[in-house]
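Chemist: Have a look at this one before I ask anything.
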Ligand SMILES: [Zn+2]
């Protein structure tokens, strides 16, 4: 299953979710921390090697 990367603007954190395409089409994932969907932006996963990740 594909992995989708998101960034929560509220928590300023990136997170990944594994979900099927069908689930993905239903809408965005909620942030696992604040449960917000509005503040969540999807990252373009094609460029994961370039994006710097702070852990
Ligand atoms: Zn959040």
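Chemist: How far apart, in nanometres, would the label points at residue 43 and residue 12 be if each is projected 7 angstrom from Cα along the Cα-to-Cβ direction?
Modeler: For residue 43 paired with residue 12, the spin-label model returns 1.5 nm.
Chemist: Continuing with the same structure: Work out how much length residue 35 to residue 22 would gain on full extension: take 0.36 nm times their residue separation and subtract the Cα-Cα distance, in nm to one decimal.
Modeler: 2.6 nm
Chemist: What ranking, highest mean first, results for peptides 34-40, 16-22 when packing means the other Cβ atoms within 10 Å averaged over each residue?
Modeler: In decreasing order of mean packing, 34-40, 16-22 become 34-40, 16-22.
Chemist: Note down the relative contact order for the range 3-47 as a percent, whole number, built from C-alpha pairs under 8 angstrom at least six residues apart.
Modeler: Normalised by residue count, the contact order of the range 3-47 is 46 percent.
Chemist: Shifting gears a bit: Is the C-alpha gyration tensor of the range 3-47 telling us rounded, prolate or oblate? Criteria: a/c under 1.5 is rounded; beyond that, a/b larger than b/c is prolate, otherwise oblate.
Modeler: oblate
Bear in mind these aren't lab numbers, they're just calculated from the coordinates by the rules spelled out. Because the structure is a prediction, the values reported are computed rather than measured. Please note: Cβ atoms are built from the backbone with ideal geometry, for glycine as well, and neighbour counts cover all protein chains shown.
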